[in-house]
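One structure is given below, encoded as structure tokens.
The values are calculated or read from the model by the stated rules, or taken from the named source; none is laboratory data. Computed from a predicted model, the values in this text were never measured in an experiment. Positions of Cβ are generated from backbone atoms using ideal geometry, with glycine treated the same way; all protein chains shown enter the neighbour counts.
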Amino acid sequence: MNCANIQQTIFFALLLTLFSIPVLATIQVLFGAPITTHILHTLLSSAHIAVLAIFPLIYVHGSDGKKWREIASVYSPIDEIFGGALGCFLGAWLGAVPIPLDWDREWQKWPVTIVTGAYAGYIVGKMVGGWLLKGKRIEFD
């Protein structure tokens, strides 16, 4: 691959990652994020998730429609990239659990637990995809 081709791929992945931030913010609002306050916080947490999960997927898989259908249907082989993205989304979702516990702690404020869960899930998903599963598919029988 020549340098110009790599630069085009990076630019394409960054552009689609930027476009995915409002989509992820909308999804977070649909899952219960504050819509009238903390808009910047929601956009920034969406940016964290986009950089962790969306950018690597677009950079590695490009615009191959068949591969994206496999990713969307969770039928793609679990490798480091897909495992990291899956772990990031699951970690962010599980990170929302301590928010309503009414302890009024500083670490419970929006979106600290979401971003922390996304990073922790990304690390776990990347390790599971790279070391344990190494290309196995999730089979739903």
So I21, is it surrounded by 13 or more Cβ atoms within 10 Å (Cβ to Cβ), more than 30 Å from E139 (Cβ to Cβ) and modelled with pLDDT under 95 = no
query = Within segment 24-41, restricting attention to residues that are loosely packed, with under 13 Cβ neighbours inside 10 Å and of a type in the set (V, I, T), which residue is nearest to T116 (Cα to Cα)?
reply = T37
First in segment 1-20 and under 14 Å from L57 (Cα atoms), second anywhere and of a type in the set (F, W, Y), Cβ under 8 Å, 6 or more apart = T9/Y59; I10/Y59; A13/F55; A13/Y59; L14/F55; T17/F55
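Answer yes or no as to whether V115 is within 15 Å of A33 (Cβ to Cβ) and buried (at least 17 other Cβ atoms within 10 Å of the Cβ). If you could, list the steps in order and put the result at the bottom.
Numbers: within 15 Å of A33 (Cβ to Cβ): yes; buried (at least 17 other Cβ atoms within 10 Å of the Cβ): yes.
Yes: the conditions hold for V115.
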ask   = Does A4 fit the bill of being surrounded by 20 or more Cβ atoms within 10 Å (Cβ to Cβ) and either among the basic types (K, R) or farther than 30 Å from K136 by Cα (or both)?
value = no
message = Conditions first: (1) surrounded by 17 or more Cβ atoms within 10 Å (Cβ to Cβ); (2) aliphatic (A, V, I, L, M); (3) closer than 22 Å to G84 by Cβ; (4) more than 12 Å from the chain's Cα centre (by Cα). L44 passes all but one, so which condition is the exception?
response = (1)
query = Looking at (1) under 14 Å from V115 (Cβ atoms); (2) touching a residue at least 40 places away in the same chain (Cβ under 8 Å), can you tell me which one A47 breaks?
reply = (2)
ask   = Pairs under 7 Å by beta carbon, first residue under 15 Å from I54 (Cα atoms) in segment 65-82, partner aliphatic (A, V, I, L, M), six or more apart or different chains?
value = I71/L57; V74/I138; I81/L57; I81/V60; F82/I71
task = Would you mind stating whether Q108 is in contact (Cβ under 8 Å) with a residue 12 or more places away in the chain and over 10 Å from the mean Cα position of the chain (by Cα)?
result = no
Selection from segment 52-75 of residues that are surrounded by fewer than 17 Cβ atoms within 10 Å (Cβ to Cβ), at pLDDT 90 or above and aliphatic (A, V, I, L, M) = V60
